[in-house]
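One structure below.
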Amino acid sequence: MATVTPRTAVRTTTFEIAGAVRLDVDTVERLLPVEEVEWGRVGPSVIIRRPEFQRLRNDVAQQLSTGIIDVMEFCKINQIDWDLFLKITPRNDGSWAWLGNMSHVYGLQFARNVEEKVMQELEAIESPIELTTLFGPYTSSQAFARHILTGLITSGRTQGSISNAMFVPTSYVERRRADIILELQSNGIIEAIQKEGVRDPEAFVLSQLPDSVPLGEHFITPIFLARIESSILENIDKQGWSDVKDPEQRLSFAEEKKLRALVSKSLPGVQLVADRFVPQELEGTLRSKTQEFAYSRAEAEWNLRYSLKTPTPTWTELLKHLSVESSLTPGMLSHFMTTLHPYCLTVFSDHLHELRQQQLLALKNGFLRKFVLRFLVYLEGTRSIVDKSLHSKLESELCRFGKEAGLSALEKLESVFVDDPTANLEQLHALKALLEDVQDPKNAGNHLAEIERTIRDAMKSLDMSFPDGDEISVTKDSLVKDMTTKLQAASDLSLQVLLVILLVYARQGAGVLKASGKYVPKLLKELQSTGALSEGQFSVLSKAKGAVTGKGTMTEEEFEELKVIGTGTGVTGK
């Protein structure tokens, strides 16, 4: 037997009715009245009976007279659908209206009451207020609050705008806009202008302060920029560089980047390096310090003759040196290092080459002055000796001089080319071998000729010119001057006799003899045989020679005459 819903129930279903009258559901559907008057349906099967239908209709009418209905909320509470809600809504006689997309329905009288009360509130409001605070006593519907407030604003009954669920009075916006400009003028910086109802902040600020600059969220004035520039110059003066920071840390990273770009254009005498400002002359200063470092390393390298572990200055060594010499951060120095390190290597290499060339030039000059020219002057002097025996012995003496003076000069020259694998030292080695081989008097002449020829080849390999007659003559004059000075200062009679004889020989020819005191007897004999001395001069020299060996004495006048012979007075020609 089917269960039948009591007639007192407010709702039933087509299934319950079909069961009660023992008909199928489709037949029940056909028998239901076409017009739903005083009853209604929810979905395909639920039927709202007259008492419930009337209650729902009365509830809607009552709520419309006193407020606003949230359609979805009403349907949920009363377990009805949208179609039934439309049926229970009273005929619109101008006393109510839909809101928005028909999500709400409200009574017009209620709306007018709310408008009046809100208007009273708005008259006393001078700052932004939340809509929930303003409409809280009357409704919780944000949509209704916006609708009412928009109407008041549109009709001109109140001045203001709605922003982010807040009512912002126009008077407040105008005051804040004026305050914004005052704040910007005073502090030189302002932010968040959009909150004051400014849709185009840049246009607004520039219309009030044309010389202000937008950075992003913030605007700055020339006053603020001048303070930043002054701070930068002060920091540079103290520590050699400066960052760009707002003291109150209001600027974002992107805004600081824009500020740096502004400063770099407006502040003379500085440049931007690794997001830091440094004086423009810094690069020149670092370049000078790099040059000093390169010079120092080159000189140390040269003095130690390539015994340093890292002869070429490394990036790290230069960076460390510059870090000590300046207060710059490693990041800032690294910016300059890309050009400074190659420059350092070039200066190092050039100065090392310069030091080598300087020493090479000095050693070449020493080789020429202390050995070659003297050798050639002595060689020319030796050739003037007539006595064959004496001639051979003096040639042998010259070979010994060559070994002593020449080998020393050559060793110094070779030291310059220690690190130069391309240097051609063949002729120097050949000359060295000849000088080391001291010949006996019988072969000394040929040996000296070979030495002279090899000197020519060695000098050519060193890009040196073989001395001409003028250079040899100047060297001879220098040697003669030295011997004359020694003669004037000498107190030893044996030295005086030797110097006088050598000076007499020097004045007879183009060269100077390289001879020791043991050759005085033979040299004096040759001078007599060649007629280079007068009888008086020969007598003085002979007596002086005897006095040296203890075979007589000399008067003061004879000592003076001896020096006169040495200086050239009374010397006769051949």
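The values are calculated or read from the model by the stated rules, or taken from the named source; none is laboratory data. Bear in mind the structure is a predicted one, so any value in this text is a computation, not a measurement. Glycine gets a Cβ as well: all are built from the backbone with ideal geometry, and neighbour counts include every protein chain shown. Remember, those area values only see protein heavy atoms, side chains included, never the ligands or the DNA or RNA. Shrake-Rupley method; radii C 1.70, N 1.55, O 1.52, S 1.80 Å.
Taking 1 over the mean of 1/r across every pair of different Cα atoms in segment 277-467, what Kirkwood radius in Å do you get? Each step should come with its number before you reach the end.
Values: mean 1/r = 0.0501 Å⁻¹.
The Cα-based Kirkwood calculation yields 20.0 Å.
Stretched out fully, how many nm does the piece from D83 to D243 gain, at 0.36 nm a residue minus the Cα gap? Numbers along the way, then the final one.
Details: separation 160, 0.36 × 160 = 57.60 nm, distance 7.02 nm.
Between D83 and D243, full extension yields 50.6 nm more.
Could you calculate the contour length gain from M166 to V474, that is, 0.36 nm times the residue separation minus the distance between their Cα atoms, to one decimal place in nm? Kindly include the intermediate steps, with their values, before the conclusion.
Details: separation 308, 0.36 × 308 = 110.88 nm, distance 10.88 nm.
Net length gain for the segment: 100.0 nm.
Given an 8 Å cut-off on Cα distances and at least 6 residues of separation, report the relative contact order of segment 472-567 as a percent. Could the numbers behind the result be given before it?
Details: 82 pairs, mean separation 31.4, N = 96.
Averaging sequence separation for qualifying contacts and normalising by length gives 33 percent for segment 472-567.
Provide the net charge surrounding E73, with neighbours chosen by a C-beta distance below 15 Å and charges set as Lys +1, Arg +1, Asp -1, Glu -1.
Values: positive: K76; negative: D59, D70, D81.
Summing Lys and Arg as +1 and Asp and Glu as -1 gives -2.
For the peptides 386-392, 26-32, 109-115, what is the packing order when you average, over each peptide's residues, the other Cβ atoms within 10 Å and list the highest mean first? Could the numbers behind the result be given before it?
Values: 386-392: 14.0, 26-32: 12.3, 109-115: 16.9.
Result, highest mean first: 109-115, 386-392, 26-32.
What order, most packed first, do the peptides 258-270, 137-149 have when packing is the mean number of other Cβ atoms within 10 Å of each residue?
Values: 258-270: 15.0, 137-149: 18.2.
The packing order, highest mean first, is 137-149, 258-270.
Suppose R0 equals 60 Å; then what is the FRET efficiency for L361 and S127 from their Cβ-Cβ distance, rounded to the nearest 0.05?
Working: r = 90 Å, r/R0 = 1.49.
Efficiency for this residue pair is about 0.10.
Between S491 and Q528, what length in nm is gained on full extension when 0.36 nm per residue of separation is reduced by their alpha carbon distance? Mind dumping the intermediate values first?
Details: separation 37, 0.36 × 37 = 13.32 nm, distance 2.53 nm.
Here the answer is 10.8 nm.
Report the residues of segment 338-376 in range of a label on R456: point 7 Å along Cα→C-beta, backbone N strictly under 15 Å from it.
376
Using the Cα atoms of the chain, I'd like the radius of gyration and the largest Cα-Cα distance, Dmax, both in angstrom.
Calculated on Cα positions, Rg and Dmax stand at 60.3, 186 Å.
Can you tell me, using C-alpha contacts under 8 Å and at least 6 residues apart, the relative contact order of segment 28-91 as a whole percent? Working shown, then result.
Values: 41 pairs, mean separation 21.1, N = 64.
So the answer I get is 33 percent.
How big is the gap, in Å, between the Cα center of segment 453-508 and the Cα center of segment 277-299?
When both Cα centres are located, 50 Å separates them.
Give me the one-decimal nm value for the distance between modelled label points at V386 and N58, 7 Å along each residue's Cα-to-Cβ direction.
My value for the distance between the label points is 17.3 nm.
Per residue, how much accessible surface does the chain expose to a 1.4 Å probe? Answer in Å², no decimals.
On the way: 31330 Å² over 574 residues.
Heavy-atom SASA per residue in the chain reads 55 Å².
Relative contact order for the chain: what is it in percent, counting Cα pairs under 8 Å that are at least 6 residues apart?
On the way: 625 pairs, mean separation 36.8, N = 574.
Reported as a whole number, the value is 6 percent.
Quick check on packing: order 314-324, 500-510 by the mean number of other C-beta atoms within 10 Å, highest mean leading. Please list the in-between numbers first.
Numbers: 314-324: 15.3, 500-510: 20.1.
Peptide ranking by packing, descending: 500-510, 314-324.
How big is the Kirkwood radius of segment 287-383, worked out from every pair of different alpha carbons and given in Å to one decimal? It would help to have the intermediate numbers written out before the result.
On the way: mean 1/r = 0.0632 Å⁻¹.
Radius from the Kirkwood sum: 15.8 Å.
Search the structure for amide H atoms under 5 Å from the amide H of W96, placed 1.01 Å from N in the peptide plane, and list their residues when 5 or more places away or on another chain.
Distant-sequence amide H within range of W96: L108.
What's the carbon and sulfur percent of the chain's accessible surface, probe 1.4 angstrom, rounded to a whole number?
Details: 16260 of 31330 Å².
Ligands and nucleic acids excluded, carbon and sulfur give 52 percent.
At 222 nm, what helix-only mean residue ellipticity would the chain give, in deg cm²/dmol to the nearest 500, using -39500 (n - 2.57) for each DSSP H run of four or more?
Numbers: 25 runs with 348 residues, N = 574.
After summing the helix terms and dividing by the residues of the chain, the value is -19500 deg cm²/dmol.
Over what distance in Å are the Cα centres of segment 30-59 and segment 111-145 separated?
Answer, in whole Å: 39.
In debye, nearest 20: dipole of the chain around its Cα centre with unit charges on the Cβ of K, R (+) and D, E (-)?
Using Cβ point charges on Lys, Arg, Asp and Glu, the chain gives about 1540 debye.
Considering only the other residues whose Cβ falls under 14 Å of the Cβ of Y378, what net charge follows from Lys and Arg at +1 and Asp and Glu at -1?
Numbers: positive: R369, K370, R374, R383, K393, R400, K403, K476, K514; negative: E380, E395, E397, E404, E452, D482.
Local charge sum for Y378: +3.
I need the calculated FRET efficiency for the pair D482 and T555, taking r as the beta carbon distance and R₀ as 30 Å, to the nearest 0.05. Don't skip to the answer; put the middle values down first.
Working: r = 28 Å, r/R0 = 0.94.
My answer for the efficiency is 0.60.
At 7 Å along the Cα-to-beta-carbon direction for both E317 and A20, put a label point, then send me their distance in nm to one decimal.
11.2 nm
Please give the FRET efficiency for T338 paired with E411, using the beta carbon to beta carbon distance and R0 = 51 Å, rounded to the nearest 0.05. Intermediate values should be presented prior to the final figure.
Working: r = 44 Å, r/R0 = 0.86.
Taking R0 as 51 Å, the efficiency between T338 and E411 is 0.70.
Remind me, what semi-axes does segment 28-91 give for its equivalent ellipsoid, largest first in whole Å, using sqrt of 5 times each Cα gyration tensor eigenvalue?
Numbers: eigenvalues 103, 31, 15 Å².
That gives 23, 12, 9 Å for the three semi-axes.
Can you work out the Karplus-derived ³J(HN,Hα) for every residue in segment 399-406? Use 6.51 cos²θ - 1.76 cosθ + 1.60 with θ = phi - 60°, whole Hz, and x for glycine or proline.
Once θ is set to phi - 60°, the couplings for segment 399-406 become 4, 5, 4, x, 5, 5, 7, x Hz.
With a point put 7 Å past each Cα toward its Cβ, work out how far E217 is from K518 in nm, to one decimal.
10.4 nm
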